[in-house]
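Engineer: To start, I am sharing the structure in question, which I have written as structure tokens.
Each reported figure results from applying straightforward, stated rules to the coordinates on display, with no laboratory input. All figures in this text were calculated on a predicted structure; none of them were measured in a lab. In this analysis, Cβ positions are derived from the backbone assuming ideal geometry, glycine residues included, and neighbour counts consider all displayed protein chains.
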Amino acid sequence: MRSLIFIVVLFSASQSWAASPIVRDGRTLQLAEVTYRLDGIDAPEFDQICIDEHADTWACGVAARDQLASLIGGHQVHCEDLGADVGYRKRHIGICTVEGETVSLNQLLVRKGYALNSEPSAKGRFKDDEAAAKDKRLGLWKGCFVTPQNSAVDERTASCWADRAERTRIARYATCYSPIIPPCRLGAASRPSLRYARA
């Protein structure tokens with residue numbers, strides 16, 4: 001009997017279900033009392049701003065959060081708890097799936113272009129999904145963005161720029177996939193303190 005109770009407790013500690021999860025941002029959701037960061041992906045911070053294919057700013061962080069909420073809809077969500085997040089003690093790492101789906105929310109966000117494959121935790125799981133989203137110019141890939149891990153380096157990602165010329169100039173230092181905005185260049189003239197991904 002004790003072994004059965006131990007198995008039930010162990011199973012409930014590693015699995016979480018909730019009918020009404022709270023979506024915090026494009027890669028974080030809360031089920032009951034546990035907050036999960038989706039494993040293997042990176043998504044824009046809630047206040048991050050990106051540049052679209054017309055050199056206009058758009059709230060890509062809000063869009064990523066809304067995409068995650070849309071994928072969940074009103075369905076029940078199940079998260080496999082992979083343990084505590086070493087960066088945030090009150091948060092756990094999880095692979096989360098909507099009831100009735102076989103593909104995780106982690107993978108769906110990358111597939112729709114609102115999150116990136118994040119190594120080493122992804123272990124290459126989402127590389128093909130990221131490549132397909134990039135080829136189709138979905139989500140973040142429709143214009144220019146600073147990779148989420150580097151967005152905190154430059155405060156301009158969380159504010160609106162004064163004019164289109166400034167946005168186009170800044171876009172040279174971001175990851176650009178727009179035919180209108182010039183491709184990224186990280187030559188000697190670029191700012192060495194900024195670590196943007198090459199296109």
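Engineer: If we sort 118-124, 107-113, 54-60 on the protection proxy, mean other Cβ atoms within 10 Å, highest first, what's the order?
Structural biologist: Ranked by mean Cβ neighbours within 10 Å, highest first: 107-113, 54-60, 118-124.
Engineer: Considering the alpha-carbon set of the range 2-139 alone, what are its Rg and its Dmax in angstrom?
Structural biologist: Values for the range 2-139 (Cα only, Rg and Dmax): 15.8, 63 Å.
Engineer: Additional query: What is the range 65-143 by shape, rounded, prolate or oblate, if you read a ≥ b ≥ c off the alpha carbon gyration tensor as root eigenvalues and call it rounded for a/c under 1.5, prolate for a/b larger than b/c, and oblate otherwise?
Structural biologist: Oblate, since a/c reaches 1.5 and b/c is not below a/b.
Engineer: Would you calculate the separation in nanometres between label points at GLU99 and VAL34, each defined as 7 Å from the Cα along the Cα-to-beta-carbon direction?
Structural biologist: 1.7
Engineer: Between the DSSP loop rule and a limit of at most 10 other Cβ atoms within 10 Å, which GluC sites (Glu not before Pro) in the range 33-113 are left?
Structural biologist: GLU33
Engineer: Could I ask something else about it? Tell me, what HN-Hα J-couplings in whole Hz come from the Karplus equation 6.51 cos²θ - 1.76 cosθ + 1.60 at θ = phi - 60° for each residue of the range 38-51, using x for Gly and Pro?
Structural biologist: Ordered by residue, 3J(HN,Hα) equals 5, 5, x, 10, 9, 10, x, 5, 4, 9, 6, 10, 10, 10 Hz.
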